[in-house]
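Data first, discussion second: the structure below is written as structure tokens.
The values are calculated or read from the model by the stated rules, or taken from the named source; none is laboratory data. Predicted, not measured: the structure shown is a model, and the values here were computed from it. All Cβ positions, even for glycine, are placed from backbone atoms using ideal geometry, and neighbour counts span all protein chains on display. These area figures cover heavy atoms from the full protein model, side chains too; ligands, DNA and RNA do not enter into them. Shrake-Rupley method; radii C 1.70, N 1.55, O 1.52, S 1.80 Å.
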Amino acid sequence: MATLEKGKLSVQTGNILPVIKKWLYSEKEIFLRELVSNAFDAIVKLRKVALEEDVFGAEDQDYAVDLRIDRENGILIIEDNGIGMTAEEIQKYISQIAFSGAEEFAKKYEQKDGAGIIGHFGLGFYSAFMVAKRVDIDTRSYKPNATAAFWTSDGSEEYESGAGSRSKRGTEIRLHMDDDARMLLDKKELSDLVRKYCDFLSVPVRIDGAQVNRKDALWSKQPNQIKKEEYTEFYKYLFPFQGDPLFYIHLNVDHPFRLQGILYFPRMLHEMDTSKNGVRIYCRNVFVSDEAQEILPKYLTMLQGVVDLPDLPLNVSRSYVQTDPEIRKISSHITKKVADRLVEEFNKNRAEFEKIWPEIGPFVKFAMLSDEKFYDQAKPALLFEVAGSEPKTFVTLDEYTSKNKDKSKDRVFYANDLIAQAAPMRMLNKQGIDVVYLPQMIDSHFVQLLETKSTGVHFARVDAELADHVVDADASSKIIEGESGTSQDRLRELFTKALGNPKVQIRVESLKMDEIPAMILLPEFVRRMSEMAASFQMKEATLPEEHTLVLNLKNPLVQALAKPSLISGQGVSKQERVARAVYGLARISQGAVKPQDVEKFTSETYELLASVL
């Protein structure tokens, strides 16, 4: 080898390389991303130059980044056939440490604990010293008359440079690995790192001759060039074993910022299932981070996919992302695209949209609760399932109010338990009033938002109040009259005495369904406050002590209880037991029987049954 010249790295304070090695030790795998990215950039630059200039080795167009492992000598070689460098360019780009703020960085962090170093400067080529005790560069420029150049350093302030031995265009970097980094001289280990950071570079990345990267960055294509099956296949490649996504959103923006990506709505096991891998951030097809909290608002973190920000620094710090105004604009744009895509899917293919609504609905509602702008943007796609419909039917709020306004007035009746609330649902359905199904925990909060946003709309659970159309206003309220008063009076007297609970209000009505003897009503406001208090205390909501028991005068059992002859003399005790049973069954249908009350109610019911034999 030719005689080498010695020099000193152009940093005015101490030696920055030991600082890099010390404080970035836990992030040492980043070296591979940096060096492979640099090799890829060299190929991209060559392709551009070759359009206008003659290049050395023009016949070599099998562009690739090659990694070779020499385990015996502890060497990792990274080679490209890109643009290469001249001796002058090595001096400019390598020896002078051409990253901004190097001197200030060293002054600031030499005596500190190193927290927060990543992101304050571009690691670039010098990340090699995180894993190598010596680094050699052998390079040959694309320029026809250039000669090979060589550079080497052991990570101290000094380096040696001179003529190189490379005969082909491009650059070869040889890393003489530190003892504690030799585990990286493993094909599987390197393959995993290449796939993590450089899987979507558009040239082959080979390890010992075998290509390990995918190459195809689907998000970089135009949406009209991609089939639905390709979106699904790409999702399964990124997130295996999670099934097909519900639908996708393709991002492609050139102005006022550059942004590409594909976001997916994944299938959820339940409404609180946010344990997904989330969104991965890329920069020009190179992986940067899987922490997308600042780019996606919290309420969209269940999304999965890729966002590529070409203008984002590779070694971006979280503080940079939090304060950069462009990032905030990007976040707002992504949010709007998600809302627009929901509305588009609803308008173009409502039948398919309704199939996925039960899975995405809770998260759309959470997003609307979290962001008023998102609510306004996505509101046209908001759906409600019609309770008990077969096959399942969905309506918008406008569709519900338009269909039911003559009977329900300004109320939207809903159920959250199709079994416990079956009886009042049937009463409403028989009068032609639809009931919507709101079973999720978030719904109690969401209906309050809708009442605030929708003028004149009031949500009422089916057991919160009686609609005018289920009460038979023309029915006689006096089934049996006599000296003992009306039937309502006798029933109120009987149930007041039998229950012995002044907090239970007794109300007597003639309902249009005679099969329901009694039901418990709880005003909507009272029930919501009870549920809210229970959620704050992390426990299940219970029936408040103050509630109303509605007795149905159309029901034969209630009519029998109202007869004077059955509530006098020796019959009083049996009537009271029947009244308590009616109340207990009403509580059961409400789902409001406490475990400690079950035994007592069961025992009393058995005694009552035995008495009629």
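Take the Cα of His333, step 7 Å toward its Cβ, do the same at Gln242, and the gap between the two points is 2.4 nm.
Please find the FRET efficiency linking Lys405 to Lys221, where r is the Cβ-Cβ separation and R0 is fixed at 51 Å, and quote it to the nearest 0.05. Efficiency, rounded to the nearest 0.05: 0.60. Seen from all directions on average, the range 141-269 presents a Cα convex hull projection of 14.2 nm².
On the basis of the beta-carbon distance and an R0 of 51 Å, Met441 and Val44 show a calculated FRET efficiency of 0.50. Under a model in which nothing but the beta-carbon of Lys, Arg (+1) and Asp, Glu (-1) is charged, the range 151-205 shows a dipole of about 580 debye around its Cα centre.
Once the C-beta distance of Lys574 and Arg267 is scaled by a Förster radius of 51 Å, the resulting FRET efficiency is 0.35 to the nearest 0.05. By the compact-protein rule of thumb, 2.2 N^0.38 Å, the alpha-carbon radius of gyration of the range 285-422 corresponds to a ratio of 1.34. For the residue pairs Lys365/Lys403; Lys453/Lys503; Lys45/Lys329, the alpha carbons lie more than 32 Å apart in Lys453/Lys503. Treating each Cα of the range 328-487 as an identical point scatterer and summing with the Debye formula, the log10 of I(q)/I(0) at q = 0.08, 0.16, 0.19 Å⁻¹ comes to -0.30, -0.94, -1.24.
How far apart, in nm, are two points set 7 Å out from the Cα along the Cα-to-Cβ line at Thr602 and at Glu5? With each label point 7 Å from Cα toward Cβ, the separation is 9.6 nm. 3J(HN,Hα) along the range 447-460, derived from phi through the Karplus expression 6.51 cos²θ - 1.76 cosθ + 1.60 where θ = phi - 60°, amounts to 5, 5, 4, 5, 5, 6, 7, 10, 4, x, 9, 10, 8, 9 Hz, with x in place of Gly and Pro. Segment Thr147..Thr548, full-extension length gain: 134.8 nm, with 0.36 nm per residue of separation and the alpha-carbon distance subtracted.
Remark on Ile207: its backbone amide H falls under 5 Å from those of Leu67, Val212, a criterion applied only to residues 5 or more positions apart or on other chains, H modelled at 1.01 Å from N. The coefficient of translational diffusion for the range 198-295, derived via Stokes-Einstein from the alpha carbon Kirkwood radius under 25 °C and 0.890 mPa s, stands at 163 µm²/s. Summing Cβ point charges (Lys, Arg +1; Asp, Glu -1) relative to the Cα centre of the range 123-163 gives a dipole of roughly 240 debye. Remark: the range 165-205 carries 41 Å² of accessible area per residue (probe radius 1.4 Å; ligands, DNA and RNA excluded).
Each label was represented as a point 7 Å from its Cα along the Cα-to-Cβ direction; for Glu157 and Asp489 these points are 10.9 nm apart.
Along the range 387-404 the Karplus relation, 6.51 cos²θ - 1.76 cosθ + 1.60 evaluated at θ = phi - 60°, assigns HN-Hα couplings of 4, x, 6, 9, x, 4, 10, 10, 9, 7, 5, 5, 5, 5, 5, 5, 6, 10 Hz to successive residues, with x for each Gly and Pro.
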